[in-house]
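The values are calculated or read from the model by the stated rules, or taken from the named source; none is laboratory data. What you see is a predicted model; the values in this text were computed from it and never measured. Neighbour counts run over all protein chains shown; Cβ positions are idealised from the backbone, glycine included. Only protein heavy atoms, including side chains, enter the accessible area calculation; ligands, DNA and RNA are left aside. Shrake-Rupley method; radii C 1.70, N 1.55, O 1.52, S 1.80 Å.
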Amino acid sequence: MHLLSSFLTCLIAINLVIGDRLNICQDQFKLREGFYVYNTGCQNFEEADLAAANFNEDREVWIRNGTIEDIGRLLNGSLYNITNLKITNMAAEGSTPIVVFPIESARFSILDLENDGIERLNISEADYRLTHLDVRKNKLTDLSSVSLLKKLQSLKADNNAIENVSLDDFQDLEDLVVLSLANNRIQSINATKEIALLKLRSLDISRNQLTSLDVSLWQFPQLGTFYMHDNLITNKIRGLRGKFPKAWEIAMGGSNNWDCDWFDRLVAFLKQDRQFAMQMFGDEPNCPDQSRMDGFICCQNSTNQVNN
């Protein structure tokens, strides 16, 4: 019933035009002859009319244009009770980027801030309500402030400018299920102590600039999908033996260049230990000289003794 109600969540689309009227469209779902159907009704609002408008707090609001001042006025006015907020494409031509976004997750539970030109998240000490945060396609270089989002279940920060990640920042996010950091500039992922994310099921660190990966301090027992393709990792993953017992969908190919013996033993172990899918993404890589390719996997022969 919860999934059904989420699927049928009404979408309110707000098209803000500075100095002009605001056009608000609301999709309304109805049950007709056993099927759910919807129609879209749009209405132009003057600022005074909008101030008096009522919006259901369980509905998603989508703000597609305007300045942070416009948005702040709305959120502190007629949209004050909204908990599911979508503000996207503010960085598109003709719009005004939001350089710093002040998250007030004591109010919001879901925030979609994709492609808004955000350089920094201003998160207050009391931000414990937010469960889903999408900040893809922005200009973030640091994620340390998300440590305050204690109830976070999903964090999507793909396509930013992040260079280094400290897993220490995620140690208190006990409900985290999805962590996606693909297509950044990440050169290192470090932890100073054991990090236990007991509910994490999906991790994507693909299309970054990692040259090595050490998972010795990672405790992710529920991890099912693990994407690390198209990095610059050579040799092997350190500390992998005994980790991720439920991982079944793994992507390791692209621009990585593994140790052949280590990779073959890893694949043999996975095939014997569980049913799994070795996912292959992207174009066929140009493997370095004196290496071989197994599907989309580059590897090189080594005489060094390596372990899983």
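With K and R counted +1 and D and E -1, the other residues having a Cβ less than 10 Å from that of GLU174 yield a net charge of +1.
In this rough spin-label picture, where each label sits 7 Å from Cα along the Cβ direction, the ASN122-GLU69 distance is 1.5 nm. The residues of the range 178-259 present an accessible area of 41 Å² per residue when probed at 1.4 Å with all protein chains retained. Heavy-atom accessible area, probed at 1.4 angstrom with all protein chains present, ranks MET228, MET278 as MET278, MET228, highest first.
Residue ranking by accessible heavy-atom surface, 1.4 Å probe, largest first, among LYS243, LYS193 comes out as LYS193, LYS243. A straight Cα-to-Cα reach below 21 Å connects LYS137 with the lysines LYS86, LYS156, residues fewer than 8 places away in its own chain not being considered. Can you flag which of LYS150/LYS243; LYS193/LYS243; LYS150/LYS246; LYS151/LYS243 are past 18 Å Cα-Cα? Table pairs above 18 Å Cα-Cα are LYS150/LYS243; LYS150/LYS246; LYS151/LYS243. Counting charges near LEU203 (Lys, Arg +1; Asp, Glu -1) among other residues having Cβ under 13 Å from its Cβ returns a value of +2. Note: relative contact order over the range 129-287, using C-alpha pairs below 8 Å and six or more positions apart, is 15 percent.
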